[in-house]
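One structure below.
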Amino acid sequence: MRRLLLISLLWFCTWQFAAAEQPSLQTQRTSFIRALQAAESGNWSGVEPELTTLQGYPLLDDLRGAWLAAGARHLPEKDIVEYLQAHPSLYASARLRLRWTNRLYREKRWQNFLDQYNEFYAAGNDAAMQCQALLAHRQVNDEPALREHALELWLVGHSQPRECDPVFAWLAESQVLTSLRYRERLQLALAEDNFQLANYLAGFLTDSDRALVDLYRRVITNPDTELARQNFRDTERARLLILDGLEQLARRDPDRAFKLWHKQFSSDFSFTREQKLSMQRTIAFWSAQSLQPNSLKRMARLPAAARDPDSLAWWARAALYLGDWEHVSLAINAMPDRMAAEDVWQYWAARAKLAQGDPDSARQILLYLSGKRGYYGFLAADRLSLPYAFGNRETLADEPVLAKLAARPELIRAGEWFAIGLDSRGRQEWDAVIAQLDAPWQIQASILAHRLGWHSRAITIAAQQQLFDDLTLRYPPAYIDMFQNSAGLAGIDTAWAMGIARSESLFMPDVKSSAGALGLMQLMPATGASTAREFRIPYRSSDSLLDPQTNILLGTRYLGKMQSIFGNHQVLSTAAYNAGPSRISSWLPVGDEIAAELWIETLPYRETRKYVRRVLESQIIFAWSLGQPELRLRDLLAPVPSALQLQAQLVPAPAYDSVTR
């Protein structure tokens, strides 16, 4: 029965293309790609020769939408409106609607523009469109409330898009932008260290305001010298400047900030109690993040009202790094109950109890943690020499529901976007459909996505529906042949490479980070090109990184290179893949080697700290799911050497240091 239902599901996914009178599905896909390129360039004559072949193809309607979007500035309004009414939810419609809305604005058809804006864009945070809507509202009905909204957009510490210039000119003409308002925004700009905007704003004010901006720049740039030599008056502006300068100094030299604060400022200026507590916390926090011995006393002296989760966490981390188990316990005991109950702090509370001679309490905590699947559960199990609690529980498939889902035209469309390599459009249409389903159907949709190889969607829904025990859905053998072959060539563990890829992209081959990293293993184009040259791998352009096979081949080679640079130390190599190899040398211990789990816990970057733990956890699970020989976390946690111990093995950091972000 299951086999018959699966065959039915696959039949629905290929829809009607198997019929003898229809062109083959692959022929239609190839034809559609050609037609789409022509349509998106506004060339309908390039689309027409493909239309006969594309009759019945699920994405056929997108061609006209793409063509209309390309010519939205001049094509007949009737055609655009009819298309949007007939196809409100297609990918092409979203692009067309935005361009149509922009056209309405350019043509000053204010009410039509507002109708579109209110229905589709008002809930967003696009400042440019908000400003356009304000101007349109002003043309329709100039209300005082519009100025209040406009002022909210103006009163920020950063520059707004050029679409807001007419709005701000209107505020100036209306005499809303008084000197008081300019000084208010000036302070916001200075708080964000936005000196370009601050200089612009000071141009509307007095010489003293311009002098303030110059002083502020000097204090923020060189806080130690400027704070020590300036003869500040006890004014609100001066106090704010002192606090900002001391915060900058505390990031660089918390001891110097501590001395200046207590010697020169805390008693002689009328800071509020809240400001004093905030500065005390700031200095203690940066002392702890610098892992300074005196940070422990500073943290312990912080009043409870000044302690926040970040400062408490760094109190514990500094104590761990310094080997002061008493302060580890003090920090964890000071945490709110919910925070102290997190696996990370439970594990280190147990370690502190072991170090302080309370093995029974420690074992009780470790036993509890060892029953959980995850980084700290694996650490606890290693401490007790217990098996890992993988706890895999496969989600029960409902084959009739799966067949119904697979037959939905919207999901057939999503599948075609995936099939022709436009995954982002497939994800967009898939997510729009899934958001409308109730929980049981979403769970089945996760299974369907897994079966069809849309692993990012399966992983995402599994997390949303808390299917945490279904390791098949959450840790799929995606691109397994490519990973095995490429990892073998690079001399690294397949499960490690897959853990990296899952952490980087959730196995999305087309994903691009805000920094420009591309593909499954999130390589920067410069890294991809350099690695390709070094290992003589074919590489045409950054587009090569969107090809899964090329991306995996280059990513595993680069990962293997990190492994060789860092003496086969996997933890250091993983951190280097995320943060760049040059940063690792500055994060190494100064004296003797330290335990890898301590080094990971005290990494200064939150992102890298979480990344290394996530990759290690994923590697253990992938090794288990792939049937590899038993892999224990302790096998991957070799002690982290000091900078001197590793110096002989390190090579100069390449120009493409930042790999993934």
**Asked** Here are GLN549, GLN570: which of them is under 22 Å from GLU601 (Cβ atoms) and among the polar types (S, T, N, Q)?
**Response** GLN570
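Looking at segment 502-516, which of its residues are assigned to a loop (DSSP other than H, G, I, E, B) and either of a type in the set (Val, Ile, Thr) or touching a helix residue (DSSP H, G or I) at 6+ places or on another chain (Cβ under 8 Å) (or both)? If you could, list the steps in order and put the result at the bottom.
In the first step, residues of segment 502-516 are kept if they are assigned to a loop (DSSP other than H, G, I, E, B); the result is 506-511, 513-516.
Selection gives LEU506, PHE507, MET508, PRO509, ASP510, VAL511, GLY516.
Out of GLN187, GLN196, GLN230, GLN248, I need the residue that is surrounded by fewer than 21 Cβ atoms within 10 Å (Cβ to Cβ) and either touching a strand residue (DSSP E or B) at 6+ places or on another chain (Cβ under 8 Å) or more than 30 Å from LEU177 (Cβ to Cβ) (or both). Which one? Write out each step before concluding.
Details: GLN187 fails: either touching a strand residue (DSSP E or B) at 6+ places or on another chain (Cβ under 8 Å) or more than 30 Å from LEU177 (Cβ to Cβ) (or both); GLN196 fails: either touching a strand residue (DSSP E or B) at 6+ places or on another chain (Cβ under 8 Å) or more than 30 Å from LEU177 (Cβ to Cβ) (or both); GLN248 fails: either touching a strand residue (DSSP E or B) at 6+ places or on another chain (Cβ under 8 Å) or more than 30 Å from LEU177 (Cβ to Cβ) (or both).
Criteria check complete, one pass: GLN230.
Filter segment 561-582 down to the residues that are within 20 Å of the chain's Cα centre (by Cα) and not polar (S, T, N, Q), then identify the one that is nearest to LEU633 (Cα to Cα). First the steps, then the outcome.
Within segment 561-582, the subset within 20 Å of the chain's Cα centre (by Cα) is 574-580.
Cutting the leftovers down to not polar (S, T, N, Q) gives us 575-577, 579-580.
Values: ALA575: 16, ALA576: 19, TYR577: 19, ALA579: 22, GLY580: 23 Å.
Among those residues, the one meeting the criterion is ALA575.
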**Request:** Can you tell me which residue within segment 321-354, out of those that are touching a helix residue (DSSP H, G or I) at 6+ places or on another chain (Cβ under 7 Å) and not in a helix (DSSP H, G or I), is nearest to LEU367 (Cα to Cα)?
**Result:** MET335
**Asked** In segment 575-613, which residues are crowded, with 21+ Cβ neighbours inside 10 Å, β-branched (Val, Ile, Thr) and modelled with pLDDT under 95?
**Response** ILE584
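Do the conditions hold for TYR558, that is, is it on the phi < 0 side of the Ramachandran plot, buried (at least 20 other Cβ atoms within 10 Å of the Cβ) and modelled with pLDDT of 95 or more? Outline the logic, then answer.
Numbers: on the phi < 0 side of the Ramachandran plot: yes; buried (at least 20 other Cβ atoms within 10 Å of the Cβ): yes; modelled with pLDDT of 95 or more: yes.
So TYR558 passes the test.
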**Item:** Complete set of residues in segment 263-272 that are part of a helix (DSSP H, G or I) and either crowded, with 17+ Cβ neighbours inside 10 Å or at pLDDT 95 or above (or both)
**Value:** PHE265
**Request:** Go through (1) touching a residue at least 12 places away in the same chain (Cβ under 8 Å); (2) part of a loop (DSSP other than H, G, I, E, B); (3) more than 24 Å from HIS569 (Cβ to Cβ) one by one and return the number of the condition ILE447 breaks.
**Result:** (2)
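Which one of these is modelled with pLDDT of 95 or more and either in a loop (DSSP other than H, G, I, E, B) or touching a Pro at 6+ places or on another chain (Cβ under 7 Å) (or both): LEU650, LEU631?
On the way: LEU650 fails: modelled with pLDDT of 95 or more.
Only one candidate passes the filter, namely LEU631.
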**Contacts under 8 angstrom Cβ, first residue in segment 500-529 being outside the structural domain of SER544 (by TED's automatic domain parsing) and closer than 23 Å to ALA462 by Cβ, partner surrounded by fewer than 17 Cβ atoms within 10 Å (Cβ to Cβ) and at pLDDT 95 or above, 6 or more apart** = none
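Within segment 432-444, how many residues turn out to be exposed (fewer than 14 other Cβ atoms within 10 Å of the Cβ) and assigned to a helix (DSSP H, G or I)? I'd like the intermediate steps shown before the answer.
We begin by selecting, within segment 432-444, every residue exposed (fewer than 14 other Cβ atoms within 10 Å of the Cβ); these are 435-436, 438-440.
Those still in the list that are assigned to a helix (DSSP H, G or I) too: 439-440.
The qualifying residues number 2.
Only one of SER514, SER542 is of a type outside the set (A, V, I, L, M, F, W, C), surrounded by fewer than 22 Cβ atoms within 10 Å (Cβ to Cβ), in contact with a Leu (Cβ under 8 Å, 6 or more places away or on another chain) and modelled with pLDDT under 95. Can you tell me which? Explain how you work it out, then say what you get.
Details: SER514 fails: in contact with a Leu (Cβ under 8 Å, 6 or more places away or on another chain).
Being of a type outside the set (A, V, I, L, M, F, W, C), surrounded by fewer than 22 Cβ atoms within 10 Å (Cβ to Cβ), in contact with a Leu (Cβ under 8 Å, 6 or more places away or on another chain) and modelled with pLDDT under 95 holds for just one of SER514, SER542, which is SER542.
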**Asked** Which condition breaks for ALA122 when tested against (1) loosely packed, with under 15 Cβ neighbours inside 10 Å; (2) in a helix (DSSP H, G or I)?
**Response** (2)
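Let's see how each residue does on (1) at pLDDT below 50; (2) within 21 Å of ARG408 (Cα to Cα); (3) assigned to a helix (DSSP H, G or I); (4) of a type in the set (Lys, Arg):
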| site | (1), (2), (3), (4) |
| --- | --- |
| LEU5 | yes, yes, yes, no |
| SER8 | yes, yes, yes, no |
| PHE12 | yes, yes, yes, no |
| PHE17 | yes, yes, no, no |
| GLU21 | no, no, no, no |
| GLN28 | no, yes, yes, no |
| ILE33 | no, no, yes, no |
| GLN37 | no, no, yes, no |
**Test set (1) touching a residue at least 40 places away in the same chain (Cβ under 8 Å); (2) surrounded by fewer than 16 Cβ atoms within 10 Å (Cβ to Cβ) - LEU473 fails condition number** = (2)
**Request:** May I ask you to verify whether ARG307 is out of contact with any strand residue (DSSP E or B) (no Cβ under 7 Å at 6 or more places or on another chain) and either at positive phi or free of Cβ contacts under 8 Å to residues at least 24 places away in the same chain (or both)?
**Result:** no
**Asked** So LEU396 clears everything in (1) farther than 30 Å from ILE365 by Cα; (2) among the aliphatic types (A, V, I, L, M); (3) in a helix (DSSP H, G or I) except one condition, right? Which one?
**Response** (3)
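Name the single residue that is surrounded by the fewest Cβ atoms within 10 Å (Cβ to Cβ) among those in segment 48-63 being among the acidic types (Asp, Glu) and free of Cβ contacts under 8 Å to residues at least 24 places away in the same chain. Full working, then the answer.
The first filter runs over segment 48-63 and keeps only residues among the acidic types (Asp, Glu), leaving 48, 50, 61-62.
Checking the rest, the ones that are also free of Cβ contacts under 8 Å to residues at least 24 places away in the same chain come to 48, 50.
Numbers: GLU48: 12, GLU50: 21.
Checking each candidate, the answer is GLU48.
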**Prompt:** Just one of the numbered conditions (1) closer than 25 Å to ARG29 by Cβ; (2) in a helix (DSSP H, G or I) is not true of GLY421; which one?
**Reply:** (2)
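With respect to GLU607, determine if the residue is of a type in the set (Asp, Glu) and touching a residue at least 12 places away in the same chain (Cβ under 8 Å).
Details: of a type in the set (Asp, Glu): yes; touching a residue at least 12 places away in the same chain (Cβ under 8 Å): yes.
Judged against the criteria, GLU607 is a match.
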**Prompt:** Looking at GLY519, GLY488, GLY528, which is the one that is within 15 Å of the chain's Cα centre (by Cα) and more than 18 Å from ARG614 (Cα to Cα)?
**Reply:** GLY519
**Asked** Mind checking which pairs have a first residue in segment 64-90 that is in a loop (DSSP other than H, G, I, E, B) and a second that is of a type in the set (Lys, Arg) and surrounded by 11 or more Cβ atoms within 10 Å (Cβ to Cβ), Cβ under 6 Å, 6 or more apart or different chains?
**Response** ALA72/ARG99; ALA72/ARG103; ARG73/ARG103
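Taking segment 499-511 as the region of interest, how many residues are under 13 Å from the mean Cα position of the chain (by Cα), of a type in the set (A, V, I, L, M) and surrounded by 24 or more Cβ atoms within 10 Å (Cβ to Cβ)?
Of segment 499-511, the ones under 13 Å from the mean Cα position of the chain (by Cα) are 503-506, 511.
Next, from what is left, pick out any that are of a type in the set (A, V, I, L, M): 506, 511.
This time we only want the ones that are surrounded by 24 or more Cβ atoms within 10 Å (Cβ to Cβ), so: none.
Counting residues in segment 499-511 that are under 13 Å from the mean Cα position of the chain (by Cα), of a type in the set (A, V, I, L, M) and surrounded by 24 or more Cβ atoms within 10 Å (Cβ to Cβ) gives 0.
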**Filter result (of a type in the set (A, V, I, L, M), within 37 Å of the chain's Cα centre (by Cα) and farther than 20 Å from LEU197 by Cα) within segment 217-237** = LEU227
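The values are calculated or read from the model by the stated rules, or taken from the named source; none is laboratory data. Everything numeric in this text was worked out from a predicted model, so none of it was measured. Please note: Cβ atoms are built from the backbone with ideal geometry, for glycine as well, and neighbour counts cover all protein chains shown.
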